[in-house]
Amino acid sequence: MLTDYHVHLRPDDDGTPAAQYFTAGNAERYRAVAEERGISELGVAEHIHRFTQSLDVWQHPWWQKWARDDVDEYCAFVREDTDLRLGIEADFVAGREDRLANFLDAREWDYVVGSVHFIADEAVDMDEWSVWGRGESAEKVWRRYFETVGEAARTGMFDIMAHPDLVKVWGGDAPKPGGDLRRYACARHWLSCGHWCAAAGRGSRRSLHSWIDHLPGRIVKISRKRRGHEHC
Ligand SMILES: [Zn+2]
Ligand SMILES: [Zn+2]
């Protein structure tokens, strides 16, 4: 069975209010395309930082800028107005695990997608707050990124880890570390996480797949779900 659980119903841009995108009609558009492509089960995983309650987890200025909507209204919309699985893309923020656990445990998710967009206070995938802005070596940025991904995976808080190669995708114009880059995918920190989601954007899928043989866990597009659903 084909599934896709890493879907966002609205873009990341300004001027994309929840009221405009969290509608039964919009969900139906996604459902129709999924059907065309043979995807029988679809789940949404909106970004945690779009919700005001995320500020209980982290108060980074970038999150403060985006936190506008109510997460419980999002949950109610997905449950009541759609047939989509209910997920969330939750950033791992080192040191905020307990706060994130409180946020997640307070709601009935079908699954939680974990991701790393920030290394400490710096962003991997945007110009603002960019991790590349301080001139730190590519070697160091990559090492810190993959250590953070491993740290996130080891928490056991996430059912799926999203786009594990984000540093490569968005650091495309930045200097690359030397040598065989697959050594990062072999990092021992990853050993404890068996589930990965090959969801990085910008045409990275092929190069991600070239890493897959080197990942120790079972590579699946979608991993187990919460609440007693079957493994897929
Ligand atoms: Zn995402
Ligand atoms: Zn993401």
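Please determine, by comparing only the residues of the stretch 1-33 that are under 22 Å from Met161 (Cβ atoms) and either buried (at least 16 other Cβ atoms within 10 Å of the Cβ) or at pLDDT 95 or above (or both), which one is farthest from ligand 2 (Cβ to nearest atom). Per the stated criteria, the residue is Thr3. For the stretch 81-88, state whether one or more residues are more than 16 Å from ligand 2 (Cβ to nearest atom), surrounded by fewer than 19 Cβ atoms within 10 Å (Cβ to Cβ) and closer than 17 Å to Val7 by Cβ. Yes: the stretch 81-88 contains one or more residues that are more than 16 Å from ligand 2 (Cβ to nearest atom), surrounded by fewer than 19 Cβ atoms within 10 Å (Cβ to Cβ) and closer than 17 Å to Val7 by Cβ. Number of residues in the stretch 75-115 that are under 17 Å from the mean Cα position of the chain (by Cα) and not in a loop (DSSP other than H, G, I, E, B): the value is 17. For the stretch 116-166, taking the residues that are more than 22 Å from Trp62 (Cβ to Cβ), more than 18 Å from the chain's Cα centre (by Cα) and small (Gly, Ala, Ser), the one that is farthest from ligand 1 (Cβ to nearest atom) is identified as Ser137.
Might you let me know whether the stretch 91-102 holds any residue that is over 26 Å from Gly156 (Cβ atoms) and away from ligand 2 (no atom under 16 Å from the Cβ)?
Looking through the stretch 91-102, none of the residues is over 26 Å from Gly156 (Cβ atoms) and away from ligand 2 (no atom under 16 Å from the Cβ).
The residues listed here are Asp4, Asp56, Asp69, Asp83; of these, the one that is in contact (Cβ under 8 Å) with a residue 40 or more places away in the chain, acidic (Asp, Glu) and in contact with a Ser or Thr (Cβ under 8 Å, 6 or more places away or on another chain) is Asp69. Count of the stretch 90-102 residues, restricted to those that are out of contact with any His (no Cβ under 7 Å at 6 or more places or on another chain) and buried (at least 21 other Cβ atoms within 10 Å of the Cβ), is 4.
Tallying residues that are in a loop (DSSP other than H, G, I, E, B) and of a type in the set (S, T, N, Q) within the stretch 117-158 yields 2.
The values are calculated or read from the model by the stated rules, or taken from the named source; none is laboratory data. On a predicted model such as this, the values are computed, not experimentally measured, just so you know. Cβ sites come from the backbone with ideal geometry, for glycine too, and all protein chains shown count toward neighbours.
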